[in-house]
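Asks: If you scroll down you'll find the structure; I have some questions about it.
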Amino acid sequence: MLEEIRISGLGIIESSTLELGPGLTVVTGETGAGKTMIVTALGLLLGGRGDAGSVRKGKKAARVEGVIDARSLPGVIEATEEAGGEVEEGRVLVARTVAAEGRARAYVGGATVPVATLGSVTSPLVAVHGQSDQHRLLQPRAQRDSLDRFGGDAVAKLIAAYGDIHAELRGVERELDEVTTHARERAQEADLLRFGLGEVEEVSPESGEDVTLAQEEEKLGYADTLRTAAEQAREALSSEVDAPDALGAISAARQALDGVRDHDPDAASLADRLAEVSYLLSDLAADVASYATAIETDPARLSVVSERRAALTALTRKYGETIDEVLAWAETGAKRLLELDSDDDRIEELRGERTRLRADLAEAGQALSAARTDAAGALAEAVSDELTGLAMPHARLVVDVRQKETDAPASEDEPHAPLKVGSGKNHRWLRYGSNGLDEVELLLAANTGSEPRPLHKGASGGELSRVMLAIEVVLAATSPVPTFVFDEVDAGVGGTAAVEIGRRLAHLARTAQVLVVTHLPQVAAFADHHVAVEKTSDGVVTSSGLTVLDDESRERELSRMLAGLTASDTAIAHARELLEVARAAKV
């Protein structure tokens, strides 16, 4: 339940606090005093869109705060703590700011949260109904939603079951459309893959083969040059003819130092090191000789390697930078080709799945239609009873649940082909959607003997207000929403009907918190708490404030609403009488 709303810098409200209690609270005031700003403030707390234009002139930002008594609302406490906010003595502080430059912030339990998070915490707690909701009630979807709400868990479970099957069917149909519509493209893709895989299979490359063959070709192509270089190196290290070589030079240097090693330890050390170099050069000379001997000129092998490399290069030009990439492409391509080649089998499989799901959907749709039809009769009776209490004793609401029949499709492959419902000669082909097979329409017979007509044709503005209120009163028993807000839903109503609207709102307030913005004194008289919006001006700046009225000030406010006078004894007497009637009716 909402305990308090604090508003600052919003529209013509500079700073005001609205304390709310259980029961019926009405808000009244002169036209233009700012009554709608209260509903605007509530909209901000419920996560509605913030408008920088609503920020009061001269203020940097508008701010709205609300205090929620969540002691009986464990879901609110959990959501607040999950958002990082704090709960103090079972109460949650929520807030919303809208800056003049358009930037908005939201808070839950003192923690900064996204606006969507604020809305997820608060919107399940409050149901706001304004004159725009009357227009919404004229829409077929809103009428179906009202019936489904009245149907409760029984209908909700059937809707969920139907929705799951519908979603699965749509997925199968999308895949089937993809496979069949793009069959030509997929066949072309398969042919290209088959050709490419054939080329790779014909060459049969091995991993890393391109690198190995490149090295071998390089070696074979330069065999003579490599052998000449090796022979020259061997001659330089150890010559077989009478020519200076490295080993001879090292040997001469070693012999020179060996001759004086006994006279100086350093000379001996240098001689030993030259001995080591001599051994190393001998080994190196032998290795170079072996390398030179191993080099062979093989034109035939060079030709084979070159041809093989050309075949590998043809593959890397098409299917990858390296042979390893070509092999990876071939592996992926083989899997894709297997998938494409199985299209015919997949099409048959999908068609069978579609047939099964369509039969399941028809069965689920029939069950949902039956439940809606049962709920429609009960809703129509309950709302008609409420309309009797709202000074429409001869009015009758009819909730029409029907299906739209159509011709049999030439094929189930047609887009959005209708469903076959029933069997044998009793079957029908019906249009369907994500919410079932049904079209729901509210019809009103306003007078005895008149035929029920659609609301937009058979109801005046005042009658539509009462129909909407009657529906809300009936749905209140099935709704978990603890707070209802009505913004001038009594427009176009007066006299006895206005008194009855006040009576029904008071009745609704016995089980829920109800806040009503009204211009009708007959409605305001039924309030448990009466708040007036008063506009003041110093000649430069206009502002509004909220005042909770006591008994005496209530009489003056009601007399103003009745006759436009606050000091008329007749108007005061009329207001007092109206209050007494309301008190008696509430007992």
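The values are calculated or read from the model by the stated rules, or taken from the named source; none is laboratory data. Just so you know, these numbers come straight off a predicted model, no measurement behind them. We place every Cβ from the backbone using ideal geometry, glycine too, and count neighbours over all the protein chains shown. Remember, those area values only see protein heavy atoms, side chains included, never the ligands or the DNA or RNA. Shrake-Rupley method; radii C 1.70, N 1.55, O 1.52, S 1.80 Å.
Asks: Being on the phi > 0 side of the Ramachandran plot and either at pLDDT 90 or above or not small (Gly, Ala, Ser) (or both) is the filter here, so list the residues in region 391-445 that pass it.
Replies: 416, 436
Asks: Now, a different point. Would a scan of region 376-396 turn up a residue that is touching a Lys or Arg at 6+ places or on another chain (Cβ under 8 Å) and open to solvent by 80 Å² or more (accessible area, probe 1.4 Å)?
Replies: no
Asks: Take residue 325 and tell me if it is within 17 Å of residue 209 (Cα to Cα), exposed (fewer than 13 other Cβ atoms within 10 Å of the Cβ) and free of Cβ contacts under 8 Å to residues at least 24 places away in the same chain.
Replies: Values: within 17 Å of residue 209 (Cα to Cα): yes; exposed (fewer than 13 other Cβ atoms within 10 Å of the Cβ): no; free of Cβ contacts under 8 Å to residues at least 24 places away in the same chain: yes.
Against the criterion (within 17 Å of residue 209 (Cα to Cα), exposed (fewer than 13 other Cβ atoms within 10 Å of the Cβ) and free of Cβ contacts under 8 Å to residues at least 24 places away in the same chain), residue 325 does not qualify.
Asks: Just name the residue that is farthest from the chain's Cα centre (by Cα) out of those in region 118-133 that are among the small types (Gly, Ala, Ser) and assigned to a strand (DSSP E or B). Lay out the reasoning, then the answer.
Replies: Here is the first cut: in region 118-133, the ones among the small types (Gly, Ala, Ser) are 119-120, 123, 127, 130, 132.
Narrowing further to those that are assigned to a strand (DSSP E or B): 127, 130.
Numbers: 127: 22, 130: 27 Å.
Ranking the qualifying residues of region 118-133, first place goes to 130.
Asks: State whether the residues of region 352-359 include one that is among the basic types (Lys, Arg), closer than 20 Å to residue 194 by Cα, assigned to a helix (DSSP H, G or I) and in contact (Cβ under 8 Å) with a residue 12 or more places away in the chain.
Replies: The first filter runs over region 352-359 and keeps only residues among the basic types (Lys, Arg), leaving 354, 356, 358.
Subsequent filtering for residues that are closer than 20 Å to residue 194 by Cα retains none.
Within region 352-359, not a single residue is among the basic types (Lys, Arg), closer than 20 Å to residue 194 by Cα, assigned to a helix (DSSP H, G or I) and in contact (Cβ under 8 Å) with a residue 12 or more places away in the chain.
Asks: Take region 545-560 and flag every residue that is among the hydrophobic types (A, V, I, L, M, F, W, C) and crowded, with 20+ Cβ neighbours inside 10 Å.
Replies: 546, 558
Asks: Take the residues in region 95-106 that are open to solvent by less than 70 Å² (accessible area, probe 1.4 Å) and touching a Ser or Thr at 6+ places or on another chain (Cβ under 8 Å); name whichever of them is farthest from residue 49 (Cα to Cα).
Replies: The selected residue is 106.
Asks: Among the residues that make up region 507-528, is at least one of them open to solvent by 40 Å² or more (accessible area, probe 1.4 Å), within 27 Å of residue 1 (Cβ to Cβ), modelled with pLDDT of 75 or more and in contact with a Leu (Cβ under 7 Å, 6 or more places away or on another chain)?
Replies: Filtering region 507-528 for residues open to solvent by 40 Å² or more (accessible area, probe 1.4 Å) gives 507, 510-511, 519, 528.
Keeping just the survivors that are within 27 Å of residue 1 (Cβ to Cβ) gives 507, 510-511, 519, 528.
Adding the requirement that they be modelled with pLDDT of 75 or more leaves 507, 510-511, 519, 528.
Remaining after also requiring in contact with a Leu (Cβ under 7 Å, 6 or more places away or on another chain): 528.
Checked against the condition, which is being open to solvent by 40 Å² or more (accessible area, probe 1.4 Å), within 27 Å of residue 1 (Cβ to Cβ), modelled with pLDDT of 75 or more and in contact with a Leu (Cβ under 7 Å, 6 or more places away or on another chain), region 507-528 yields at least one hit.
Asks: Please pick out the residue among 113, 155, 92, 126 that is aliphatic (A, V, I, L, M), free of Cβ contacts under 8 Å to residues at least 60 places away in the same chain, within 30 Å of residue 469 (Cβ to Cβ) and open to solvent by less than 40 Å² (accessible area, probe 1.4 Å).
Replies: Values: 113 fails: within 30 Å of residue 469 (Cβ to Cβ); 155 fails: free of Cβ contacts under 8 Å to residues at least 60 places away in the same chain; 126 fails: free of Cβ contacts under 8 Å to residues at least 60 places away in the same chain.
Checking each option against the conditions leaves just 92.
Asks: Which ranges mark the strands (runs of 3 or more DSSP E) fully within region 387-486 that have 1 or more residues being without any contact (Cβ under 8 Å) to a residue 60 or more places away in the chain and charged (D, E, K, R)?
Replies: 396-403, 428-430
Asks: Something else: So the check is Cβ under 8 Å with 6+ separation or different chains; which pairs have a first residue in region 509-528 that's under 20 Å from residue 584 (Cβ atoms) and of a type in the set (Phe, Trp, Tyr) and a second one that's assigned to a helix (DSSP H, G or I) and at pLDDT below 90?
Replies: The qualifying pairs are 526/502; 526/503; 526/505; 526/506; 526/582; 526/585; 526/586.
Asks: If you take the residues of region 13-39 that are open to solvent by 50 Å² or more (accessible area, probe 1.4 Å) and not small (Gly, Ala, Ser), which of them is modelled with the lowest pLDDT?
Replies: Checked region 13-39; the qualifying residue modelled with the lowest pLDDT is 31.
Asks: Say we look at region 171-193 and pick out the residues that are open to solvent by 50 Å² or more (accessible area, probe 1.4 Å) and among the charged types (D, E, K, R); which of these is nearest to the chain's Cα centre (by Cα)?
Replies: So, considering only residues that are open to solvent by 50 Å² or more (accessible area, probe 1.4 Å) and among the charged types (D, E, K, R), the one nearest to the chain's Cα centre (by Cα) is 174.
Asks: Next question. Go through region 21-66 residue by residue and tally those that are under 34 Å from the mean Cα position of the chain (by Cα), touching a residue at least 40 places away in the same chain (Cβ under 8 Å) and in a loop (DSSP other than H, G, I, E, B).
Replies: Within region 21-66, residues that are under 34 Å from the mean Cα position of the chain (by Cα), touching a residue at least 40 places away in the same chain (Cβ under 8 Å) and in a loop (DSSP other than H, G, I, E, B) number 7.
Asks: Among the residues of region 197-205, is there at least one that is exposed (fewer than 12 other Cβ atoms within 10 Å of the Cβ) and either in contact with a Cys (Cβ under 6 Å, 6 or more places away or on another chain) or outside any helix (DSSP H, G or I) (or both)?
Replies: Yes, because at least one residue in region 197-205 is exposed (fewer than 12 other Cβ atoms within 10 Å of the Cβ) and either in contact with a Cys (Cβ under 6 Å, 6 or more places away or on another chain) or outside any helix (DSSP H, G or I) (or both).
Asks: With respect to the numbered conditions (1) among the β-branched types (Val, Ile, Thr); (2) open to solvent by less than 40 Å² (accessible area, probe 1.4 Å); (3) under 30 Å from residue 197 (Cα atoms), which one is the sole condition not fulfilled by residue 332?
Replies: Of (1) among the β-branched types (Val, Ile, Thr); (2) open to solvent by less than 40 Å² (accessible area, probe 1.4 Å); (3) under 30 Å from residue 197 (Cα atoms), only one is false for residue 332: (2).
Asks: How many residues does region 283-301 hold that are surrounded by fewer than 16 Cβ atoms within 10 Å (Cβ to Cβ), at pLDDT 75 or above and aliphatic (A, V, I, L, M)?
Replies: Looking only at that region, the number is 2.
Asks: All but one of (1) open to solvent by less than 60 Å² (accessible area, probe 1.4 Å); (2) of a type outside the set (Gly, Ala, Ser); (3) within 30 Å of the chain's Cα centre (by Cα) hold for residue 431; state the number of the condition that does not hold.
Replies: (1)
Asks: Scan region 488-497 for residues that are surrounded by fewer than 24 Cβ atoms within 10 Å (Cβ to Cβ) and either modelled with pLDDT of 85 or more or under 17 Å from residue 129 (Cα atoms) (or both) and jot them down.
Replies: 488, 491, 492
Asks: Let me ask something else. Among all residue pairs at least 6 apart or on different chains, which show Cβ distances below 9 Å where the first residue, located in region 561-586, is open to solvent by 50 Å² or more (accessible area, probe 1.4 Å) and the second is β-branched (Val, Ile, Thr)?
Replies: 563/570; 565/572; 566/572; 581/499
Asks: Does any residue in region 276-295 that is over 16 Å from residue 231 (Cβ atoms) come within less than 8 Å, Cβ to Cβ, of a residue that is small (Gly, Ala, Ser) six or more places away or on a different chain, and which pairs are these?
Replies: From region 276-295, the pairs are 278/251; 281/238; 281/246; 282/238.
Asks: May I ask you to verify whether residue 373 is in contact (Cβ under 8 Å) with a residue 24 or more places away in the chain and exposed (fewer than 14 other Cβ atoms within 10 Å of the Cβ)?
Replies: Values: in contact (Cβ under 8 Å) with a residue 24 or more places away in the chain: yes; exposed (fewer than 14 other Cβ atoms within 10 Å of the Cβ): no.
For residue 373, the condition - in contact (Cβ under 8 Å) with a residue 24 or more places away in the chain and exposed (fewer than 14 other Cβ atoms within 10 Å of the Cβ) - is not met.
Asks: If you don't mind, another one. Would you check if residue 136 is surrounded by fewer than 17 Cβ atoms within 10 Å (Cβ to Cβ) and assigned to a helix (DSSP H, G or I)? Steps first, answer last, please.
Replies: Numbers: surrounded by fewer than 17 Cβ atoms within 10 Å (Cβ to Cβ): yes; assigned to a helix (DSSP H, G or I): yes.
Yes: the conditions hold for residue 136.
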